[in-house]
Amino acid sequence: MLRGPVNLLRRYWKVLRSPSRFFSLGFLTVGGFVAGVIFWGGFNTALEVSNTEAFCTGCHEMRDNVYQELQGTIHFTNRSGVRAKCSDCHVPHNWTNKMARKMQASKEVWGKVFGSIDTPEKFAAMRRTLAEHEWERLKANNSLECRNCHQFESMDFTRQSPRATAAHSTQLASGEKTCIDCHKGIAHKMPDMAGVETVR
């Protein structure tokens, strides 16, 4: 009764042991798996390095402009000791959205390469455009990065101001608005906002 499956296993084992030209199929399979693990580990390590504060502030455009602004906010220094780094607010945590964001961010390297924001004056001139792109992205993904830390279900309305409670319990709860609609400029200096609705 077991002869059929045993013979089948022997045939598979023979195929796995037989050489392709120089190496057996088994060696190539195991070698391919090991190479895949090494590649994936290297790729993931590089991905995580690109999410560090040191990487984000490696160019002076970020270090001398927006990073300086972040240091004066509640997201950088607060009573709880929890600090948000650049990637916490600008890169989604789940893998699929993170990869999509990394591909988008590769276009932002052009600003560095071609010097469109390499001086404080050029950065200031582009600030509103850059901010609007980020606000649009956060609006489109329902402020996904904000929600990695700030969960609606965990909000204690009794510890919020009346204004915050009113906005969170109605507009946020119904989906009419998302975090970025009211919290523009929460971590960075606001650009000239003529004609843009803001709530601070």
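The values are calculated or read from the model by the stated rules, or taken from the named source; none is laboratory data. Just so you know, these numbers come straight off a predicted model, no measurement behind them. Don't worry about glycine lacking a Cβ; one is built from the backbone with ideal geometry, like all the others, and counts go over all protein chains shown. Note: areas computed on protein heavy atoms with side chains; ligands, DNA, RNA excluded. Shrake-Rupley method; radii C 1.70, N 1.55, O 1.52, S 1.80 Å.
Determine the pairs where a residue that is within 22 Å of ARG83 (Cα to Cα), located within region 150-173, has a partner that is assigned to a helix (DSSP H, G or I) with Cβ atoms under 8 Å apart, the partner being 6 or more residues away or on another chain.
HIS150/CYS179; PHE152/HIS168; PHE152/LEU172; PHE152/ALA173; MET155/HIS168; GLN160/HIS168
Among the residues of region 179-192, is there at least one that is open to solvent by 30 Å² or more (accessible area, probe 1.4 Å), more than 24 Å from THR77 (Cα to Cα) and not hydroxyl-bearing (Ser, Thr, Tyr)?
yes
Can you name every residue in region 19-62 that is open to solvent by less than 50 Å² (accessible area, probe 1.4 Å) and polar (S, T, N, Q)?
Going through region 19-62, the residues open to solvent by less than 50 Å² (accessible area, probe 1.4 Å) turn out to be 24, 26, 31-32, 36, 41-42, 47, 50-51, 53, 56-57, 59, 61.
Residues satisfying the conditions are SER24, SER50, ASN51, THR57.
Looking at (1) touching a residue at least 40 places away in the same chain (Cβ under 8 Å); (2) buried (at least 17 other Cβ atoms within 10 Å of the Cβ), can you tell me which one SER87 breaks?
Status for SER87: all satisfied but (1).
Does LYS107 count as open to solvent by less than 60 Å² (accessible area, probe 1.4 Å), out of contact with any Cys (no Cβ under 9 Å at 6 or more places or on another chain), among the basic types (Lys, Arg) and in a helix (DSSP H, G or I)?
no
Hey, does region 142-156 have a residue that's among the hydrophobic types (A, V, I, L, M, F, W, C) and over 21 Å from ASN51 (Cα atoms)?
Here is the first cut: in region 142-156, the residues among the hydrophobic types (A, V, I, L, M, F, W, C) are 144, 146, 149, 152, 155.
Keeping just the survivors that are over 21 Å from ASN51 (Cα atoms) gives 152, 155.
Looking through region 142-156, at least one residue is among the hydrophobic types (A, V, I, L, M, F, W, C) and over 21 Å from ASN51 (Cα atoms).
Looking at (1) open to solvent by 80 Å² or more (accessible area, probe 1.4 Å); (2) within 27 Å of LEU47 (Cα to Cα); (3) charged (D, E, K, R); (4) assigned to a helix (DSSP H, G or I), which is the only condition GLU145 fails?
(1)
Are any residues in region 121-139 closer than 18 Å to HIS183 by Cα and open to solvent by less than 90 Å² (accessible area, probe 1.4 Å), and if so, which ones? Lay out the reasoning, then the answer.
Going through region 121-139, the residues closer than 18 Å to HIS183 by Cα turn out to be 127-139.
ARG127, ARG128, THR129, LEU130, ALA131, GLU132, GLU134, TRP135, ARG137, LEU138, listed by residue number.
If you take the residues of region 168-178 that are within 19 Å of ASN148 (Cβ to Cβ) and not aliphatic (A, V, I, L, M), which of them is surrounded by the fewest Cβ atoms within 10 Å (Cβ to Cβ)?
Within region 168-178, the match that is surrounded by the fewest Cβ atoms within 10 Å (Cβ to Cβ) is GLY175.
Does ASP156 satisfy the criteria of being at pLDDT below 90, of a type in the set (D, E, K, R) and exposed (fewer than 14 other Cβ atoms within 10 Å of the Cβ)? Spell out how you get there, then give the answer.
Working: at pLDDT below 90: no; of a type in the set (D, E, K, R): yes; exposed (fewer than 14 other Cβ atoms within 10 Å of the Cβ): yes.
Here the answer is no, as ASP156 does not meet what is asked.
Considering only residues that are free of Cβ contacts under 8 Å to residues at least 24 places away in the same chain and of a type in the set (Lys, Arg), which ones fall in region 120-149?
Answer for region 120-149, where residues must be free of Cβ contacts under 8 Å to residues at least 24 places away in the same chain and of a type in the set (Lys, Arg): just LYS122.
Just to be sure, is HIS168 in a loop (DSSP other than H, G, I, E, B) and out of contact with any His (no Cβ under 9 Å at 6 or more places or on another chain)? Break it down into steps so the answer makes sense when it comes.
Numbers: in a loop (DSSP other than H, G, I, E, B): no; out of contact with any His (no Cβ under 9 Å at 6 or more places or on another chain): yes.
The answer is no for HIS168.
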